[in-house]
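*Asks:* Structure incoming, see below.
The values are calculated or read from the model by the stated rules, or taken from the named source; none is laboratory data. The structure displayed is predicted, hence computed values, not measured ones. Here Cβ is always computed from backbone atoms with ideal geometry, including for glycine, and neighbour counts include all displayed protein chains. Just the protein is used for accessible areas: all its heavy atoms, side chains included, with ligands, DNA and RNA removed. Shrake-Rupley method; radii C 1.70, N 1.55, O 1.52, S 1.80 Å.
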Amino acid sequence: MIKKQHYHVYHRGVLLTAILVLTGLWLVSCVDEYTYDDEEPEWLGASIYDYLKTDGNFTNYVRLIDDVGYTAVLAKTGSKTLFVASDSAFDRFFSNNPWGVSNYDDLTLSEKKLILNFGMINNAYLIETLANYNGPTGLNYGTAIRRESAVSVLDTVPLEPGHKLPDNPFWDRFRNNGLFLLKDDSPYPLVHFLPIQLLNANISDDDFLLITREERSGDDAFIFNNRVVERDITCKNGYVHVLEDVLIPRVNMAQHLTENPETETFSRLLERFSAPYFSEQQTYNFKQIHPEFNDSIFVKEYFSDWGGQTYYPDNTPINEEYLLPFNPGWNSYVRQGSESSLQSDMASILAPTDAALDNYFNSGSGIILKNRYGSWDNVPDDIIILFLRRHLRESFLESIPSRFDKMTDSENSPIPIVLGDLVDSYVGVNGVVYMTNSVYPPDDYVSVYGPVLFSEYTRVFNWAIRQNDFRLYLNSLISTYSFFVPTDEYFENYIDPIAYSKDVKGALKFWYNDETSTVNATVYSYDPVTGEVGDSINTITHQGFLSNRLLDLLDTHIIVGDVESGSGNYLSKGGRTILTEGSGMDMEIRGGGDIEQDVVTHVTAVFEQQNGRTYFIDKPIQTPLRSVYKILSETPEFSAFFNLLSGFPTNSESVIFKKTNNYYGIDFNIKFFNTFHYTVYVPTNEAIQQAISDGLIKNWDMINEIADPAAQNDEIKKLERFLRYHFQDNSVYLSGSSIDKLYQTATIKNDSRITRFNTFLNKYYKLKVNGSGNDLTITTELTDRLWTAQVITENNLYNIMTRDYIFSGNPLAFKEIDDSGTGLDFPTSEIRTSSTAVIHQIDNVLRFE
């Protein structure tokens, strides 16, 4: 955490250089009589005080110096830079000013100190050299934008009345009597706009006009938006620069927003993330100046790990989700970065007016907020913080108007601000506030994540999204998503796949625990034969378990693309096929597990978002609980193919079904599946027998009778390659949509013979799949004749969904889901990855040679 480091940079200006040159001449000319032993050089001029007093146009300023007690300092000693205003400027000031004073005698001592010290720098600078500074990497020429003024934060310590305090609980104890409050306790910088600095920062005159609301040209120099009308008046103890108007202290951006009647709503949102912190140091310092003071001084701080606070006043840590990107009230703001300093940059804020916020809330994409919360003040902190982060800019130099078209937020998402959005601007001591007539909502508000974020009925999935860092993924506005979201009341009957592989099967109901702000899961007994869910048998609070299972559900419920495009079969983010029928509120959704259980998921609400649609649904989509092995082993029509697949010796490199380390699943997994989606073509038993009879392959009885180990191994390899040619990358369904495409298989070509699809050596053989939507024809690589197979649709042995899971360990090593048995605690089990496949029965075997 960075807490308001104060950067002091010392420059020897031209004045000091001249004095050193004179000193050097004296040192090398010891025998000569030194002309200036008894008198000062004429060019050096009078002291700052004497110059102002003699000139006659600065009587108000001379009175300030006298009244504040700075006469001796500015008359004899020091190395100062002073920005002053003429008497005519004071006349204009007394006729109209924010302090309400109409003549010099109305000024309080504190106000006099502020005017004098805010226009003073404790070093001597020409206008030209103000733009140079020593930074972390050395001397920087022509890039400085700020300097510390001589203002002390203790020049004025106001008693802040209770009715002006922010409306959050941290301020409540001061609501009746108020408190002595510093809006910040870091130094007040001056912001200067100098010709060389503007040139180096590529700030044009048009930019300058929008930033300061003042016109400039040529060699004009400004302090804030106050023009320098006479510069570089050389005095023996510094420089005087004359300003067009009286310079009174500017405030920081956060304070300006509070004081601006047109940004009350935005300020009120920002103030939620502030609190008063007792300052022992400032209280002590003030008592040294005012011994009669017997109260306490507090400092207003904002919640941020950059220049702010990461602990509440009671010293409990603040959740990082509630931290601003920086402290907007930090006077001496320094941008994050090893090469940054107070002089090099400042911040900025895009502050929508009250009218802009009201318009957003009552129309367009903001109406979802209004429908959910009723008013800005009711929007929860975890949602408002996203909005504020989007509008707080860490670099002024990267936020100048001519760069608006390149402006992005901290997550690299474009901010669609245009010049016409600017209503007004304010240059504060720590940055520029751009007041806008538009709102720039975070992607969270307009993406498919938005309805989940806003709804009180989707807290389970919202927790899952944050736990698994899915925000940025769902917020991508260059993608199109269909996001299915089970609402909390229906988030039940999820069949845990690891428990499904054990004796005690369990169905989970996920629910949000308000006391812990986390998700828990109640376990119910589950009968896979009847599909019935029984009584509760356990409650799981293990965060790793819950995050893991919900991650698996997220991967199932997110589809890249539009599920209302007419296809009917869609692949989810995790590669699982989802079937949809209908559209909008009439849509019905099924996963492979739903088909197994003969259940349907229904849509309860639809939200049109900027990057797709969010569908609230009445149950989680259940993916298949049966593996390829399970389907093949239990389907009599697949027995011949299964017997060939399962006959490999367990110690053979050719083995296809695995159930060992890195392959533990519900039962056996396909060895060469790899977190992808596949198609398995299963020839009929008759087709397999015909291939054996024709000598294309041998069955295991025939292979096991081969006495020669080398010859036997050759037949095993031949059979393996034959079988693997029936496994295809990419899941292809009979889905009503036509298809004509080549796909890779799991068999590698190991010779140079020409094939039908021109597959190269050491590449995977291909299959061509084509169909009208209600049929599929598979064409093989054979070149001497056309060899095809047809998907059989008459007996419903097609479009069979499967899923091969990979678990973190052998399911037998864990206790049961009801905590019975022995072994590792069940909640420590994890779903590591999985592959999905669709199985079709075909009327012929597939051949590549």
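*Asks:* Give the Rg/Rh ratio for the stretch 704-744, taking Rg as the radius of gyration of the Cα atoms and Rh as the Kirkwood radius, to two decimals.
*Replies:* Details: Rg = 17.0 Å, Rh = 13.2 Å.
Rounded to two decimals, Rg/Rh equals 1.29.
*Asks:* Next up: Lysines within cross-link reach of residue 80: Cα-Cα under 24 Å, excluding same-chain residues under 8 positions apart?
*Replies:* 53, 112, 113, 236
*Asks:* Given the stretch 112-242, report the % of alpha carbon pairs whose separation exceeds 24 Å.
*Replies:* So the pairs more than 24 Å apart make up 46 percent of the total in the stretch 112-242.
*Asks:* Compare 391, 602 by solvent-accessible area with a 1.4 Å probe and give them largest first, with all protein chains kept in place. Show your work: numbers first, answer last.
*Replies:* Details: 391 0, 602 75 Å².
The most accessible residue leads, giving 602, 391.
*Asks:* What is the distance in Å between the Cα centres of the stretch 816-841 and the stretch 660-693?
*Replies:* A separation of 20 Å, based on Cα centres.
*Asks:* To make sure I understand the rule: partners must be lysines, Cα under 25 Å from the Cα of residue 671, and not fewer than 8 residues away in the same chain. Which ones qualify?
*Replies:* 502, 573, 630, 658, 659, 698, 717, 718, 749, 763, 766, 768
*Asks:* Same structure, new question: If we sort 444-450, 579-585, 726-732 on the protection proxy, mean other Cβ atoms within 10 Å, highest first, what's the order?
*Replies:* 444-450, 726-732, 579-585
*Asks:* Remind me, relative contact order of the stretch 161-232 in percent, using alpha carbon pairs under 8 angstrom and six or more residues apart?
*Replies:* Dividing the mean separation by the residue count of the stretch 161-232 yields 25 percent.
*Asks:* Per residue of the stretch 838-849, what does 6.51 cos²θ - 1.76 cosθ + 1.60 with θ = phi - 60° give for ³J(HN,Hα)? Whole Hz please, x for Gly and Pro, Karplus curve as stated.
*Replies:* Whole-Hz 3J(HN,Hα) from phi for the stretch 838-849: 10, 10, 10, 7, 10, 8, 8, 6, 9, 10, 10, 8.
*Asks:* Counting heavy atoms of the protein chains only and a 1.4 Å probe, report the per residue accessible area for the stretch 550-598 as a whole number of Å².
*Replies:* The answer is 37 Å² per residue.
*Asks:* Oh, and also: About the Cα centre of the chain, what is the dipole size in debye to 20, counting +1 per Lys and Arg Cβ and -1 per Asp and Glu Cβ, all else neutral?
*Replies:* The dipole of the chain has a size of about 1920 debye.
*Asks:* Something else now. Taking the solvent-accessible surface of protein heavy atoms with a 1.4 Å probe, what is the per residue accessible area of the stretch 359-436 in Å²?
*Replies:* 39
*Asks:* Could you tell me the calculated FRET efficiency between residue 156 and residue 76, based on Cβ-Cβ distance and R0 = 25 angstrom, to the nearest 0.05?
*Replies:* In this case the efficiency is close to 0.35.
*Asks:* Right, next: In the stretch 206-355, if the dipole is taken from +1 on Lys/Arg beta carbons and -1 on Asp/Glu beta carbons about the Cα centre, which of 318, 212, 238 is farthest to the positive end?
*Replies:* Going by the charge dipole, the pick is 238.
*Asks:* If you count only protein heavy atoms and use a 1.4 Å probe, how large is the accessible surface of residue 504, to the nearest 10 Å²?
*Replies:* Accessible surface of residue 504 is approximately 40 Å².
*Asks:* Roughly how many whole Å is it from the C-alpha centroid of the stretch 266-317 to that of the stretch 389-440?
*Replies:* If we compute the Cα centre of each part, the gap is 28 Å.
*Asks:* Helix-only mean residue ellipticity at 222 nm, the chain, DSSP H runs n ≥ 4 weighted -39,500 (n - 2.57), per residue, nearest 500. What is it?
*Replies:* That comes out to -7000 deg cm²/dmol.
*Asks:* Quick one: pull the percent of accessible area on the chain belonging to carbon and sulfur, 1.4 Å probe, ligands and nucleic acids left out.
*Replies:* Of the solvent-accessible surface of the chain, carbon and sulfur hold 46 percent.
*Asks:* Over the Cα atoms of the stretch 363-444, compute the convex hull volume and normalise it per residue, giving Å³.
*Replies:* 118
*Asks:* Still on this structure, I have one more. Output needed: percent of Cα pairs per 10 Å distance bin for the stretch 725-809, bins running from 0 to the one holding the longest distance.
*Replies:* 16, 42, 28, 13, 1
*Asks:* Cα-based Rg (one decimal) and Dmax (whole number) for the stretch 185-263, in Å?
*Replies:* Expressed in Å, the Cα Rg and Dmax of the stretch 185-263 come to 14.6, 47.
*Asks:* If the viscosity is 1.002 mPa s and the temperature 20 °C, what translational diffusion coefficient in µm²/s does Stokes-Einstein give for the stretch 724-771 when Rh comes from Kirkwood over Cα pairs?
*Replies:* 185
*Asks:* How big is the stretch 100-151 along each principal axis, measuring the range of its Cα positions in Å and listing the largest first?
*Replies:* Projected onto its principal axes, the Cα set of the stretch 100-151 covers 47, 19, 18 Å.
*Asks:* Quick check on the stretch 283-346: take the gyration tensor over C-alpha atoms, sort the square-rooted eigenvalues as a ≥ b ≥ c, and tell me if it's rounded (a/c under 1.5), prolate or oblate.
*Replies:* On the way: a/c = 3.57, a/b = 1.43, b/c = 2.50.
Cα axes put the stretch 283-346 in the oblate bin.
*Asks:* For helix 59-68, report the angle its Cα long axis makes with the longest principal axis of the Cα atoms of the chain; keep it between 0 and 90° and round to the nearest 10°.
*Replies:* 80
*Asks:* Let me ask something else about it. What is the pair-distance distribution P(r) of the stretch 567-699, computed from all Cα-Cα distances in 5 Å bins starting at 0, with each bin given as a whole percent?
*Replies:* So the P(r) values, bin by bin, are 2, 8, 14, 17, 15, 12, 10, 9, 6, 4, 3, 1, 0.
*Asks:* Next up: For the stretch 758-802 and the stretch 145-165, compute the distance between their C-alpha centroids and round to whole Å.
*Replies:* First find each Cα centre; the distance between them is then 78 Å.
*Asks:* If you don't mind, there's one more thing I want to ask. In terms of solvent-accessible area of protein heavy atoms at a 1.4 angstrom probe, what is the ranking of 278, 83, highest value first?
*Replies:* Output order, biggest surface exposure first: 278, 83.
*Asks:* Is the shape of the stretch 243-375 rounded, prolate or oblate, going by the alpha carbon gyration tensor and its root eigenvalues a ≥ b ≥ c, with a/c under 1.5 for rounded and a/b larger than b/c for prolate?
*Replies:* Prolate, since a/c reaches 1.5 and a/b exceeds b/c.
*Asks:* What do you reckon, how do 240, 560 stack up by accessible area (1.4 Å probe), largest on top?
*Replies:* 560, 240
*Asks:* Here's something else I'd like to know. Of all the C-alpha pairs in the chain, what % are more than 37 Å from each other?
*Replies:* 60
*Asks:* If you don't mind, another one. Please report the accessible area of residue 818 (heavy atoms, 1.4 Å probe, ligands and nucleic acids excluded) in Å², nearest 10.
*Replies:* My reading of the accessible area for residue 818 is about 50 Å².
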